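Step one of this worksheet: look at the structure below.
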Ligand code: NAD
Ligand code: UDP
């Protein structure tokens with residue numbers, strides 16, 4: 001049994017990761033300030049005596065003895081990370097420093113949840129890890145993109161300078177149950193809008209693309225990455241099937257059988273036009289890992305989740 005710290009463990013991805021690590025027989029400590037996460041996501045885990053939830057902000061140092069650290073704490077939706085952009089960059093940078101310092105002291109292996117946003121609005125398609133990206137350092141998305149880029153730098157510097165055992169995964173757009181209905185990201189927005197019969201908000205002309213990964217595939221990739229030897233990454237973890245936002249809306253409307261109308265809103269500044277992972281490196285280093293869950297199957301599961309949640313009329 002390992003003792004594992006998951007920062008951002010009450011969030012969408014973090015809650016799935018905590019569940020998986022507990023199922024594998026580990027002791028899990030979830031650290032979260034509940035900015036975008038929710039106790040609702042971890043309530044099913046609280047009965048497990050090997051699970052512990054601690055309210056803490058990663059910008060403040062934290063002392064504990066652990067074997068592994070997954071560092072996920074950071075708002076991930078543009079709406080939320082732009083709400084307090086200075087806090088977002090502090091969370092990425094100071095959070096990374098605090099978790100790396102902890103890992104150094106207790107000799108823990110530490111994995112950073114980085115992002116496809118390090119590629120910005122990419123000029124190379126699909127994006128391999130060797131691509132340095134096209135990021136605006138002073139735009140509305142910079143607090144997130146540059147915060148995550150700086151965190152990657154810190155991870156590699158702690159590795160080279162202090163021998164800290166680091167892993168970096170670059171996560172591409174991920175969706176699934178436990179997303180916050182007010183999250184603001186496209187999959188949750190469209191599903192909630194379609195279930196409520198509200199207008200579907202397409203930003204821009206809807207021809208921009210994203211490649212959507214179901215959360216179980218991501219968690220499989222992250223745990224495999226944590227288990228690798230002599231490989232720090234960064235490694236892309238994502239699904240290669242690319243869709244326009246119009247196609248995504250069509251799929252969701254069809255599954256739900258909703259008559260919601262599409263309405264077109266302004267495209268947010270610096271919104272990337274296209275995004276698709278090159279996952280050659282992941283397949284090579286993560287034991288043949290590749291995504292298994294197709295968009296339609298993943299959407300069904302996610303819609304079921306939101307349908308039940310909205311039916312319970314939980315205040316969200
Ligand atoms: P999320 O917003 O659901 O989860 C983030 C969690 O971090 C929340 O529980 C939040 O309360 C917590 N948090 C935020 N700031 C904190 C702080 N200062 N101290 C402690 N806790 C804090 O988002 P998610 O989609 O689950 O993302 C998890 C991680 O994965 C993030 O680091 C994100 O950047 C990364 N990521 C996600 C995606 C995606 O598509 N979901 C894509 C790329 C990268
Ligand atoms: N988007 C949209 N309608 C929405 C929310 C988002 O058309 O209600 C678009 C957004 O402009 C972007 C894409 O969907 O082009 C993905 O947005 P999201 O915020 O989910 O992720 P990110 O832009 O960070 O990849």
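Where a number appears in this text, it was derived from the coordinates with a stated rule and is not lab data. It should be emphasised that the depicted structure is a prediction, and the values quoted were computed from it without experimental measurement. Here the Cβ is made from the backbone with ideal geometry for all residues, glycine too, and neighbour counts use every protein chain on show.
Per-residue answers, yes or no, for (1) surrounded by 15 or more Cβ atoms within 10 Å (Cβ to Cβ); (2) more than 14 Å from ligand 1 (Cβ to nearest atom):
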| position | (1), (2) |
| --- | --- |
| 131 | yes, yes |
| 138 | no, yes |
| 147 | yes, no |
| 159 | yes, yes |
| 168 | yes, no |
| 172 | yes, no |
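With respect to (1) under 30 Å from residue 269 (Cβ atoms); (2) more than 16 Å from ligand 2 (Cβ to nearest atom); (3) buried (at least 24 other Cβ atoms within 10 Å of the Cβ), the lone exception for residue 12 is condition (2). Remark: pairs (first residue in the stretch 253-269, at positive phi and without any contact (Cβ under 8 Å) to a residue 60 or more places away in the chain; second residue in a loop (DSSP other than H, G, I, E, B) and surrounded by 12 or more Cβ atoms within 10 Å (Cβ to Cβ); Cβ separation under 7 Å; 6+ apart in sequence or on different chains) are absent.
For the stretch 103-142, residues that are part of a helix (DSSP H, G or I) and either within 23 Å of residue 277 (Cα to Cα) or within 16 Å of ligand 2 (Cβ to nearest atom) (or both) total 5. Residues in the stretch 180-194 that are more than 10 Å from ligand 2 (Cβ to nearest atom) and over 16 Å from residue 255 (Cα atoms): 180, 181, 182. Just give me the residues in the stretch 262-281 being loosely packed, with under 14 Cβ neighbours inside 10 Å and away from ligand 2 (no atom under 14 Å from the Cβ), in sequence order. Answer for the stretch 262-281, where residues must be loosely packed, with under 14 Cβ neighbours inside 10 Å and away from ligand 2 (no atom under 14 Å from the Cβ): just 280. If you take the residues of the stretch 33-64 that are in contact (Cβ under 8 Å) with a residue 40 or more places away in the chain and in contact with a strand residue (DSSP E or B) (Cβ under 6 Å, 6 or more places away or on another chain), which of them is farthest from residue 184 (Cα to Cα)? Going through the qualifying residues, I end up with 50. Among the residues here, residue 164 qualifies as in a loop (DSSP other than H, G, I, E, B) and closer than 23 Å to residue 97 by Cα.
Among the residues making up the stretch 65-102, those that are part of a helix (DSSP H, G or I) and in contact with a strand residue (DSSP E or B) (Cβ under 8 Å, 6 or more places away or on another chain) are 95, 96, 99, 100, 102. When residue 170 is tested against the conditions (1) in contact with a strand residue (DSSP E or B) (Cβ under 7 Å, 6 or more places away or on another chain); (2) more than 14 Å from ligand 2 (Cβ to nearest atom); (3) not in a helix (DSSP H, G or I), the lone failure is (2). Among the conditions (1) more than 11 Å from ligand 1 (Cβ to nearest atom); (2) touching a residue at least 60 places away in the same chain (Cβ under 8 Å); (3) surrounded by fewer than 24 Cβ atoms within 10 Å (Cβ to Cβ), residue 97 misses just one, which is (2). Checking each residue in the stretch 176-191 for being within 11 Å of residue 41 (Cβ to Cβ) and either out of contact with any helix residue (DSSP H, G or I) (no Cβ under 6 Å at 6 or more places or on another chain) or assigned to a helix (DSSP H, G or I) (or both) picks out only 180.
Restricting attention to the stretch 197-227, the residues that are part of a helix (DSSP H, G or I) and within 10 Å of ligand 2 (Cβ to nearest atom) total 0.
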